[in-house]
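The values are calculated or read from the model by the stated rules, or taken from the named source; none is laboratory data. Quantities reported herein were computed from a predicted structural model and do not represent experimental measurements. Using ideal geometry, Cβ is built from the backbone for each residue, glycine included, and neighbour counts are taken over all protein chains shown.
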Amino acid sequence: MLQDKLLRLTTPLTALLIAFGFVAGQLRSAENLDTAGKTNIVLILVDDLGWMDLSCQGSDYFRTPNIDRLALQGMRFTDAYAACAVCSPTRAAVMTGRWPGRVGVTDWIRARFQRGNQPTSNITRTEYVGGNNRKLLCPSNPFWMEHEEITIAELLKPAGYVSCHIGKWHLGDPDWYPQRQGFDLNIAGCDIGQPPSYFDPYNHPRYNFDKQMLPRKQGEFLTHREGHEAKQFIEQNKSKPFFLSYCPYAVHTPIQAIDEIAAKYVRPDKSANNAKYAAMVESVDDAVGMIMDTLKETGLENNTLVIFTSDNGGLKGPTDNSPLRSGKGYAYEGGIRVPLIVRWPEVIKPGTISNEPVSSVDYLPSIAEAAGCDIPAGREIDGTSLLSLLKSDGQKSLERSAIYWHFPHYRHSPGPYSIIRSGDWKLIKWYEGGFELYNLKDDLSERTNLAKGMDFKVKELDRQLTSELSRIGAKIPKPNPNYVSKSK
């Protein structure tokens, strides 16, 4: 599939030469490809897990012994970020190593059942949209991540890796499901962003898993089923290098839990919904334990790179992201700062902590380097490999100037925004007008907006942000000529 994508991006003559070289290379690799000793990759991308939803992050409410053990055995990051405050853009960034603004997926992708009368098209929407009550017209969000994007699975395939996606995909219609984006096996990955139900047979009157996963055992909890599928995949592929993309639907809504587990989290200062959410977090911890136990039982735990993180901040209500401000969907730290733990025995010193700001776009180049795979020539990657940092006990800096976010859509007041974090400084640019500036070292909770008193810093960061958005070809909201003020 990687070759098909490269062919579509070239001239006919170049494509012919590439194709000839590719066929010859495939014949050689079939005979000579040596996969012995290659590092296995397990990427765990939890849905909506907040920065404070783990014991190892400092919570006295959640119980996550298996994930805490990962942190003790590897490196925990304090300043890790999702590439967006909502799911699909982050998932695209993880799979491609590119900013959502470059990929073009900048909001969560609407599944087929959520589009009303909008027909499915084979052409990505490019028009700007907005009603007369909006000051700005915003770019349309596509219904899929384009085939031209190169995923982690496609990058690893020529090196002999077998790949499996389990759980939430949320990157497009059936023609863009994981098996059409380089994965050998897909379990439960489809166009929906939340499960029909967390209990087998996973029924909902409006949507389902589109036959990507069938019911197995009445009443079985979905996260445990996903963990079982991960266990089976590892056992069945222990003799070859593998890439497991384990993306549980938990802890996304609907907030559903096993009653006996939720009962353990009942406290006077917590709601019933909080208790159910905590039980869902525990189910993720159970599945992580299943994966790690299987790696140990198969003798693979020392030769497997494990990355554990979340696709955005925790949803306000079911959880509390304090001391971070706000939560999922918002431009503040509660919406974008996420847990990140990386475990790789004999490479990472156990129990280390890094304060280096890192992003979802960093996982693809890190995995590529760990697996010994080259990024295709001419392919622009926005992420930076974390391997030098991982090998330095967390002491080394990545030496990049900033990380960025771009959300050119209306969601919460005051509307579309972009963000830059450079060092300890964070600038939020609101496209309807205005800036917010915070020093995260002194003000993690983003209580004091310094923009008015530091105009020079605002201008400096705004120039840097604008330059980066231009470099990647991000679509910027533009004035709505038909806007009618409510005051008129």
Apart from one, (1) within 20 Å of ARG411 (Cα to Cα); (2) modelled with pLDDT under 95 all hold for VAL86; the odd one out is (2)
Which ones in the range 230-282 are surrounded by 14 or more Cβ atoms within 10 Å (Cβ to Cβ), over 30 Å from GLN181 (Cβ atoms) and among the charged types (D, E, K, R)?
LYS270, LYS276, GLU282
Test for LYS396: is it out of contact with any helix residue (DSSP H, G or I) (no Cβ under 8 Å at 6 or more places or on another chain), closer than 22 Å to ALA71 by Cα and not polar (S, T, N, Q)
no
Of all strands (runs of 3 or more DSSP E) completely enclosed by the range 288-370, which ones contain at least 3 residues that are surrounded by 18 or more Cβ atoms within 10 Å (Cβ to Cβ) and within 13 Å of the chain's Cα centre (by Cα)?
304-310, 337-343
Close pairs from the range 446-465: first on the phi < 0 side of the Ramachandran plot and assigned by TED's automatic domain parsing to the domain that holds GLU333, partner at pLDDT below 95 and surrounded by 12 or more Cβ atoms within 10 Å (Cβ to Cβ), Cβ under 7 Å, at least 6 apart:
none
Of the residues in the range 102-115, those that are of a type in the set (S, T, N, Q), surrounded by fewer than 18 Cβ atoms within 10 Å (Cβ to Cβ) and in contact (Cβ under 8 Å) with a residue 60 or more places away in the chain come to none
In the range 466-488, what residues are touching a residue at least 24 places away in the same chain (Cβ under 8 Å) and closer than 26 Å to THR96 by Cα?
GLU468, LEU469, ILE472, GLY473, ALA474, LYS475, ILE476, PRO477
Run down THR96, THR78, THR106 and say which single residue is closer than 25 Å to THR384 by Cα and in contact with an Asp or Glu (Cβ under 7 Å, 6 or more places away or on another chain).
THR96
Pick from the range 413-453 the residues that are polar (S, T, N, Q) and surrounded by fewer than 19 Cβ atoms within 10 Å (Cβ to Cβ): which of them is nearest to ARG400 (Cα to Cα)?
SER422
Answer yes if at least one residue in the range 116-132 is touching a helix residue (DSSP H, G or I) at 6+ places or on another chain (Cβ under 7 Å), within 27 Å of THR253 (Cβ to Cβ) and crowded, with 17+ Cβ neighbours inside 10 Å, and no otherwise.
no
Pull up the range 36-76, narrow it to residues that are of a type in the set (Ser, Thr, Tyr) and in a loop (DSSP other than H, G, I, E, B), then point me to the one that is surrounded by the most Cβ atoms within 10 Å (Cβ to Cβ).
THR64
Just wondering, is there one or more residues in the range 84-100 that are in a loop (DSSP other than H, G, I, E, B), surrounded by fewer than 20 Cβ atoms within 10 Å (Cβ to Cβ) and touching a residue at least 40 places away in the same chain (Cβ under 8 Å)?
no
